[in-house]
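Each reported figure results from applying straightforward, stated rules to the coordinates on display, with no laboratory input. It should be emphasised that the depicted structure is a prediction, and the values quoted were computed from it without experimental measurement. For neighbour counting, all protein chains shown are included, and Cβ atoms are generated from backbone atoms with ideal geometry for every residue, glycine included.
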Protein chains: 2
Amino acid sequence: MNRVLVLRILGILLAFLAAVLLAPIPFSLYFADGAWPSFLLSSLICAALGGVLILKCRSPREMAVRDGFAVVTFGWTAFALFGALPYLLSGSIPSVLDALFETMSGFTTTGATILPDIEALAPSILFWRALTQWLGGMGFIVLSLAILPMLGVGGMQMFKAEMPGPTADRLKPRIQDTAKLLWGVYVLLTSAQTLLLMLGGLSFFDALCHAFTTLASGGFSPKNASVGAYDSAYVDWVIILFMFLAAVNFALHYQVLRGRGREMWRNEEFRVFLGLTLVIIVLVMWANQGAVYTSLSDNLRYSTFQVVSIFSTTGYATADYGMWPAMSQYLLFLAMLVGGCAASTAGGMKVARLLLLIKHAQVQIYRLIHPRAVRLVKLGDVPVDREIMQSILGFFALWMAIFMVATILMASTGLDMVSAAGSVVATLAVIGPGFGSVGPMENYAHILPFGKSVLVVCMLLGRLELFTVLVLFFPTFWRK
Amino acid sequence: MNRVLVLRILGILLAFLAAVLLAPIPFSLYFADGAWPSFLLSSLICAALGGVLILKCRSPREMAVRDGFAVVTFGWTAFALFGALPYLLSGSIPSVLDALFETMSGFTTTGATILPDIEALAPSILFWRALTQWLGGMGFIVLSLAILPMLGVGGMQMFKAEMPGPTADRLKPRIQDTAKLLWGVYVLLTSAQTLLLMLGGLSFFDALCHAFTTLASGGFSPKNASVGAYDSAYVDWVIILFMFLAAVNFALHYQVLRGRGREMWRNEEFRVFLGLTLVIIVLVMWANQGAVYTSLSDNLRYSTFQVVSIFSTTGYATADYGMWPAMSQYLLFLAMLVGGCAASTAGGMKVARLLLLIKHAQVQIYRLIHPRAVRLVKLGDVPVDREIMQSILGFFALWMAIFMVATILMASTGLDMVSAAGSVVATLAVIGPGFGSVGPMENYAHILPFGKSVLVVCMLLGRLELFTVLVLFFPTFWRK
Ligand SMILES: [K+]
Ligand SMILES: [K+]
């Protein structure tokens, strides 16, 4: 690994963080919440450290693929560490671990919170909380469409096909081009949602915070009661639409904006995601009708909201699904595992991987019946390379193994069975709310420090598609 | 598929069943429990139907590999159907579905019971119940060492390596040779355990029933309180030893009996199984100490018994692990998923597959760091063929998918979250007792008919390594 170059890039990232830490200051001044000095000081600390790194670390060499792992993992970690400064300096979150948890939950777009009373915080702090998610979401799209495919992580090579642009071997040109295009799509969708929410009666501040955390599939709401606080069917449906869109491959959005709407429909992952969403909504409504909701229209509205919120791994709530029948909760659990589409801001394992796992199993069965037949797994019309299939299968096995081990660790802190598994799936799949004592109407304040640390690692592992983080734990990674 | 030949073999299997249905009659006469006419009548029915099939169905063709799937799946199903006759005819279990559940639970060596009061049954019926497991266990060893590898199911080709004997392409000679050798090992171990249990004060009847259901990793006990009824440390430790042995590859036992004891230690799967057993025992003891047991010796005895009972997928109980801390329960849950060694009578996914999944993930990570390096997954010194690795990965993905879908189905019958997942893992991994309302001190009587049907299918799927059953649902299987 080229340590000097990695440190230099971390310096650049810190300088960028220093700049965005200034963004909440206008809100602080407007609302006169007195939190602006914390942001200024945080920004200065990041600028100073970033400046030192940029000046001191100069490397003549180009960035190698292997350095990418270190940059991504340490970059996200640095953002979580230094992004926590405003919480600490303003006294909004006094504990360092809690502040780190909240910031990691932000930049990974998880949305799990340790705050029992969100509305007690200064508006500019709430804006920062939403902004961490928005930045994290943008970061993840670029990561999954431009960086991970190049690193060869978890079969992500499969899902960049739709993206135009140069395909040079080096990271730089492609990242910059891709980032610019997608940044445009992301900003456009965020603006549209902000506008539509304002038409529904939300203040600019509320609308913007919700648009930030919807497009990021984040789920941090500035309200204690989440989206339920507005008690508006219009707001619910607008957010349902944008939660769904945020969980769709952003390369497809780009195609649609270029007038190639048919590309979206031709995309197999999108069709399966849409179909699965509808099926799960119907099944949840079937289980909830009578048991939770007597009116069909209430059932439609609240069940749809919760299914889309969970399937897109956003994590907003308008209902306490912890009180729903076990069948509904397991359907939501399944949706959590699957997550949205690849190259969206959603977490989980991604619909495309699920689809390929099912097709792989089908091919396996077919080959038992016809041992001499050759049949390839395909996504759309594209045959899936053996290597890619292997890494997707490896990803799935590793995901399950980490899920199991982390659940045992969480249970060791004294959580009950449902809450232990619920907290792990909620963080590893970057959902936010889980089941049991970390359900949609609860928070993570009561988790013991060891448990919070485990969940912080789960968020990072989940958001960076496991492998990006795990390679760093192999001694061979550090050898020249 | 060669339907005539498959029907003929089913006829032979029914004739065999007719013979073994006579075995409980001496016990019935000895205990004068009056159940012998049910066995005689059941035997006659099987003999008649079997005879007709043997006489009417004659095929000049040899058995093809594809026919093997149908023989295995329909054979096991026929045993479960016709083996239920004594329960029904004697009135011990009046409901057809319940009798089928109990018999399927027997022949698949699951050990889940719908009987709230086991001791109320006639001794000869209890003997039959234990015998179904013993036969099922023997059947499964032959299946996994001789038949599944030939069918190419779930990478089972990997685990037959240690077995001597001809390697002809056709099923017949190999099955017969393998069966004879293993039958000897199985009978020997069963006799040894029966003797040791009788030395501990058990009656011949109790000792034999427990030896039958231990060696089969079955777990049907003729006592309501399972092995806990004897309240004897000696009995507990004897059963712990034989539960462990039953979960070890029987080809290794054969080698040990031939004086090649080193083969067992050289076997990587065995070493990992032993190591994992010890690690899980220590972790469970750590969680249970103070919380469940105050004395270390009690903790050692009961925790070890339960861990080995669950890890070997036997399912006997001397303690209500449903009252243990969530961490202990999740460790048992993990042990359930993994199961014992391949080619033993244990269920679950098998230690060897887990081991290969972990090695596969390691290789994946290694290849991210060294993209041009070639590194193969190995078990012991043997490199694992790509195709076999693919089918093991496919097996794992399919196992998880079936687990998820079946859990949702069980939740739809109104079970709580823990019981829904608990009942599925208990049957799919052929354990017997699960979690929640199907825990070790409970039974399956309260499950609704739809739920019982789902679990019957799970037992069959789990015991026959998924693929053997699933191929029959592919239309292409039935085409000429
Ligand atoms: K989220
Ligand atoms: K069992």
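Evaluate the distance, in nm, between pseudo-label points positioned 7 Å from the Cα of A:Val65 and of A:Ala291 along their respective Cα→Cβ axes.
With each label point 7 Å from Cα toward Cβ, the separation is 4.8 nm.
Order these peptides, B:78-87, A:270-279, by their mean beta-carbon neighbour count within 10 angstrom, highest first.
The packing order, highest mean first, is B:78-87, A:270-279.
In Å, the Kirkwood hydrodynamic radius of chain A over pairs of distinct alpha carbons?
In chain A this quantity evaluates to 22.7 Å.
Full extension from A:Leu41 to A:Ile358: what is 0.36 nm times the residue separation minus their Cα-Cα distance, to one decimal in nm?
Stretched out fully, the A:Leu41 to A:Ile358 stretch lengthens by 109.0 nm.
Just want the answer: with Cβ charges of +1 for Lys and Arg and -1 for Asp and Glu, which residue in A:Leu121, A:Met1, A:Gly51 is farthest toward the dipole's positive end in segment A:1-147?
Going by the charge dipole, the pick is A:Met1.
For segment B:405-414, what does the Karplus curve 6.51 cos²θ - 1.76 cosθ + 1.60, with θ = phi - 60°, yield as ³J(HN,Hα) per residue in whole Hz, taken in order and with x for Gly and Pro?
5, 5, 5, 5, 4, 5, 5, 5, 8, x
Can you list the residues, at least 5 places off or on another chain, whose amide H is less than 5 Å from the amide H of B:Lys378, using H built in the peptide plane?
Those lying under 5 Å, H to H, from B:Lys378 are B:Val384.
Please list, in chain and number order, the residues 5+ apart from A:Ala317 or on another chain whose amide H is under 5 Å from its amide H, with Hs placed from the backbone.
Those qualifying (amide H under 5 Å, at least 5 residues apart or on another chain) are A:Val227, A:Gly228.
For the pair B:Ala401/B:Ser191, report the inter-label distance in nm, with labels modelled 7 Å from Cα in the Cβ direction.
Simple spin-label model gives 4.7 nm for this pair.
Under the 0.36 nm per residue contour assumption, what length would be gained going from the current alpha-carbon distance of A:Lys378 and A:Ala19 to full extension?
Between A:Lys378 and A:Ala19, full extension yields an extra 124.8 nm.
Please report B:Thr77, A:Thr113 as a ranked list, fewest other C-beta atoms within 10 angstrom at the top and most at the bottom.
Listed from fewest to most nearby Cβ atoms, that is B:Thr77, A:Thr113.
Apply 1/(1 + (r/R0)^6) to the Cβ-Cβ distance of A:Phe204 and A:Arg386, taking R0 = 51 Å, and write down the FRET efficiency to the nearest 0.05. Display every interim value, and only then the final one.
Numbers: r = 52 Å, r/R0 = 1.01.
Rounded to the nearest 0.05, the efficiency is 0.50.
Among A:Phe473, A:Ser391, A:Ala373, whose Cα sits farthest toward the positive end of the charge dipole of chain A (+1 at Cβ of Lys/Arg, -1 at Cβ of Asp/Glu, about the Cα centre)?
A:Ala373
Hey, rough spin-label estimate for A:Asp231 and B:Lys180, points 7 angstrom out along Cα→Cβ, what's it come to in nanometres?
8.2
Explain nothing, just compute: Karplus ³J(HN,Hα) = 6.51 cos²θ - 1.76 cosθ + 1.60, θ = phi - 60°, for every residue of segment A:442-455 in order, whole Hz, x for Gly and Pro.
10, 8, 9, 4, 7, 5, 5, x, 4, x, 4, 5, 4, 5
When you look at the Cβ of every residue in B:60-68, what mean number of other chain Cβ atoms sits within 10 Å?
Shielding by partners across B:60-68 averages 1.
For B:His253, A:His446, what ranking results if the residue with the fewest other Cβ atoms within 10 Å of its Cβ goes first? Let's see the in-between values first.
Numbers: B:His253 23, A:His446 13.
Taking fewest neighbouring Cβ atoms as first place, the list is A:His446, B:His253.
Sort A:Thr476, A:Thr314 so that the residue with the fewest other Cβ atoms within 10 Å of its own Cβ comes first and the one with the most comes last.
Details: A:Thr476 11, A:Thr314 38.
If I rank by nearby Cβ atoms, fewest first, I get A:Thr476, A:Thr314.
Please state, as a whole number in µm²/s, the translational diffusion coefficient that the Stokes-Einstein equation yields for the protein assembly as shown at 25 °C and 0.890 mPa s, with Rh defined as the Kirkwood radius across alpha carbon pairs.
Once the numbers are plugged in, D ends up at 83 µm²/s.
Across peptide A:330-336, what mean number of C-beta atoms from other chains lies inside 10 Å of a residue's C-beta?
4
At a Förster distance of 22 Å, what's the computed FRET efficiency of B:Val52 paired with B:Leu97, Cβ-Cβ distance as r, to 0.05? Spell out each step's value before the answer.
On the way: r = 26 Å, r/R0 = 1.20.
Efficiency at R0 = 22 Å is approximately 0.25.
What are the residues whose amide H is under 5 Å from the amide H of A:Thr113, where those residues sit 5 or more places off or on another chain and H is modelled from the backbone?
Correct list: A:Tyr444.
From the backbone phi of segment A:354-369, what are the Karplus-calculated ³J(HN,Hα) couplings (6.51 cos²θ - 1.76 cosθ + 1.60, θ = phi - 60°) in whole Hz, Gly and Pro given as x?
4, 4, 5, 4, 5, 5, 4, 4, 4, 4, 4, 5, 4, 6, 5, 7
Order the peptides B:94-101, B:431-438 from the highest to the lowest mean number of other Cβ atoms within 10 Å of their residues.
B:431-438, B:94-101
For peptide B:398-408, how many partner chain Cβ atoms fall within 10 Å of a residue's Cβ, on average? Each step should come with its number before you reach the end.
Values: counts 7, 2, 6, 5, 1, 0, 6, 2, 0, 5, 11.
Rounded to a whole number, the mean comes out at 4.
Which of rounded, prolate, oblate describes segment B:1-67, given a ≥ b ≥ c as roots of the alpha-carbon gyration tensor eigenvalues and a/c under 1.5 marking rounded, otherwise prolate only if a/b is larger than b/c?
prolate
With charges set only on the Cβ (+1 for Lys and Arg, -1 for Asp and Glu), what does the dipole of the protein assembly as shown come to about its Cα centre, in debye to the nearest 20? Present the calculation step by step, with values, prior to reporting the outcome.
On the way: 62 positive and 48 negative charges, 810 e Å.
Roughly 3900 debye for the protein assembly as shown.
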